[in-house]
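The values are calculated or read from the model by the stated rules, or taken from the named source; none is laboratory data. All values reported here derive from a predicted model rather than from experimental measurement. Heads up, the Cβs are rebuilt from the backbone with ideal geometry, glycines too, and the neighbour counts pull from every protein chain shown.
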């Protein structure tokens with residue numbers, strides 16, 4: 001008898017967490033497609049110009065989040081070009097302003113240049129940056145703030161360090177801990193002038209730098225992915241913003257690429273994978289629930305290593321970068337835009353949660369997926385074992401068809417199986433978005 005196609009119970013993850021939390025350890029997981037609150041802190045223009053490369057990419061993704069602060073730590077006497085950090089950022093905002101009318105044609109949500117100027121602060125003088133950061137954290141908003149520290153190494157106290165020090169000194173211990181718990185950190189936190197002593201009280205920390213300087217792998221894995229050419233695709237013919245790009249090291253880029261809601265990443269689950277790689281719970285002295293670092297391994301193309309957690313998506317993320325650079329100068333009809341995947345009739349980037357018994361066959365469908373440019377679409381269904389807790393083989397029939405059938409192994413009871421829909425258009429450059437099915441196997 002052929003395996004029965006299970007009746008899928010597609011429910012919102014919040015409900016699933018309540019029903020299955022005790023079985024799968026899903027307590028306190030927040031799903032949803034709400035916009036993230038994001039702040040960055042950079043030491044541009046430093047002796048190492050890679051921050052400016054990351055800034056070009058960052059400005060092209062401003063539509064994806066609610067950016068509430070851009071903080072600069074470097075004084076003019078510490079810079080390589082006699083420009084202080086705030087002057088550098090305002091120069092970048094001017095370049096963004098030139099592209100902004102075009103960017104708005106391609107995607108909603110790009111903030112105005114005036115808005116960006118109003119939230120750009122110099123952390124190296126006075127208390128304005130500190131006070132603005134405290135005010136943002138204290139604001140009545142249920143969303144926590146994602147603070148991305150770009151590895152500031154000028155020795156100046158970051159705005160976040162100043163804020164946490166001030167709150168700890170002026171509020172009760174309970175109020176201080178509540179304040180710190182409103183913060184999620186991405187990238188560096190553990191240098192003296194960062195927030196070292198405050199780390200235990202942060203809500204979440206995803207270290208995209210350590211161990212072993214993972215950020216040094218970004219350029220080798222992405223610089224030429226898919227034929228990417230820095231001169232052709234970034235620095236020439238893409239306006240002033242593209243011309244400001246410096247070097248492909250981009251060591252700070254993973255700190256915010258992890259936050260892009262493309263259907264692959266989920267900030268509540270850094271171990272599920274992203275365009276910054278995949279992250280696993282820390283095993284060092286900072287080991288704690290909610291603290292992750294860059295020490296994951298993926299099996300891909302016959303090898304298992306850390307590079308694969310990023311290499312497998314490198315062409316996709318660089319093509320996306322190329323397309324957004326095109327947006328800076330082209331009108332809507334002469335640029336490509338990402339496809340819109342549907343999974344089992346569900347829209348949006350959040351995963352689809354399915355309950356099925358071991359041995360059952362689960363049907364997955366991309367019907368309803370679309371492309372805003374009416375481009376042709378290709379589907380690929382990928383079994384992604386590392387984010388789940390079943391590591392054996394899983395059969396997928398129709399792995400390159402609009403519909404696929406996943407047969408769950410008989411020994412997968414009590415396990416989670418992750419299957420990705422990878423949807424790519426045939427535009428130039430080809431753009432990719434994802435949807436994730438999380439299949440909970442139970443009898």
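Quick notes on this one:
- Candidates 23, 1 - the one that is assigned to a loop (DSSP other than H, G, I, E, B), outside the structural domain of residue 122 (by TED's automatic domain parsing) and at pLDDT below 50: 1
- Test: residue 172 is under 30 Å from residue 77 (Cα atoms) and without any contact (Cβ under 8 Å) to a residue 60 or more places away in the chain: no
- Residue match in segment 213-227 (condition: under 21 Å from the mean Cα position of the chain (by Cα), at pLDDT below 95 and buried (at least 20 other Cβ atoms within 10 Å of the Cβ)): yes
- Selected residue [touching a strand residue (DSSP E or B) at 6+ places or on another chain (Cβ under 8 Å) and part of a loop (DSSP other than H, G, I, E, B)] from 286, 292: 286
- Cβ pairs under 6 Å, 6+ apart, first in segment 325-336 and under 17 Å from residue 62 (Cα atoms) and not assigned by TED's automatic domain parsing to the domain that holds residue 62, second modelled with pLDDT under 95 and surrounded by 16 or more Cβ atoms within 10 Å (Cβ to Cβ): none
Here's the yes/no breakdown for (1) closer than 23 Å to residue 296 by Cβ; (2) assigned to a loop (DSSP other than H, G, I, E, B); (3) modelled with pLDDT of 95 or more:
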{"position": "388", "(1), (2), (3)": "yes, yes, yes"}
{"position": "391", "(1), (2), (3)": "yes, yes, no"}
{"position": "399", "(1), (2), (3)": "no, yes, yes"}
{"position": "404", "(1), (2), (3)": "no, no, yes"}
{"position": "413", "(1), (2), (3)": "no, yes, yes"}
{"position": "421", "(1), (2), (3)": "yes, no, yes"}
{"position": "429", "(1), (2), (3)": "no, yes, yes"}
{"position": "435", "(1), (2), (3)": "yes, no, yes"}
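- The listed residues are 186, 265, and the only one of them that is within 21 Å of the chain's Cα centre (by Cα), without any contact (Cβ under 8 Å) to a residue 60 or more places away in the chain and either at positive phi or surrounded by 22 or more Cβ atoms within 10 Å (Cβ to Cβ) (or both) turns out to be 265.
- Flag for residue 99 being in a helix (DSSP H, G or I) and more than 24 Å from the chain's Cα centre (by Cα): no
- Only listed residue being without any contact (Cβ under 8 Å) to a residue 60 or more places away in the chain, under 28 Å from residue 362 (Cα atoms) and either in contact with a strand residue (DSSP E or B) (Cβ under 6 Å, 6 or more places away or on another chain) or surrounded by fewer than 19 Cβ atoms within 10 Å (Cβ to Cβ) (or both), chosen from 312, 297: 312
- Selection status of residue 109, touching a residue at least 12 places away in the same chain (Cβ under 8 Å), in a strand (DSSP E or B) and in the same structural domain as residue 187 (by TED's automatic domain parsing): no
- Conditions (1) out of contact with any strand residue (DSSP E or B) (no Cβ under 7 Å at 6 or more places or on another chain); (2) buried (at least 17 other Cβ atoms within 10 Å of the Cβ); (3) farther than 30 Å from residue 411 by Cα: number failed by residue 368: (2)
- Within the option set 171, 177, 182, being within 23 Å of residue 258 (Cα to Cα) and assigned by TED's automatic domain parsing to the domain that holds residue 285 holds for one residue only, 182.
- Any hit, segment 318-326, residues being closer than 19 Å to residue 214 by Cα and modelled with pLDDT of 95 or more: yes
- Answer residue from segment 400-430, given it is over 24 Å from the mean Cα position of the chain (by Cα) and surrounded by 20 or more Cβ atoms within 10 Å (Cβ to Cβ) and is nearest to residue 341 (Cα to Cα) among those: 404
- Test: residue in segment 59-79 that is crowded, with 22+ Cβ neighbours inside 10 Å, at pLDDT 95 or above and part of a helix (DSSP H, G or I): yes
- All conditions in (1) farther than 21 Å from residue 386 by Cα; (2) surrounded by 22 or more Cβ atoms within 10 Å (Cβ to Cβ); (3) in contact with a helix residue (DSSP H, G or I) (Cβ under 8 Å, 6 or more places away or on another chain) hold for residue 341, with the sole exception of (3).
- In segment 232-248, the condition of being more than 30 Å from residue 390 (Cβ to Cβ), surrounded by 16 or more Cβ atoms within 10 Å (Cβ to Cβ) and free of Cβ contacts under 8 Å to residues at least 60 places away in the same chain is met by at least one residue.
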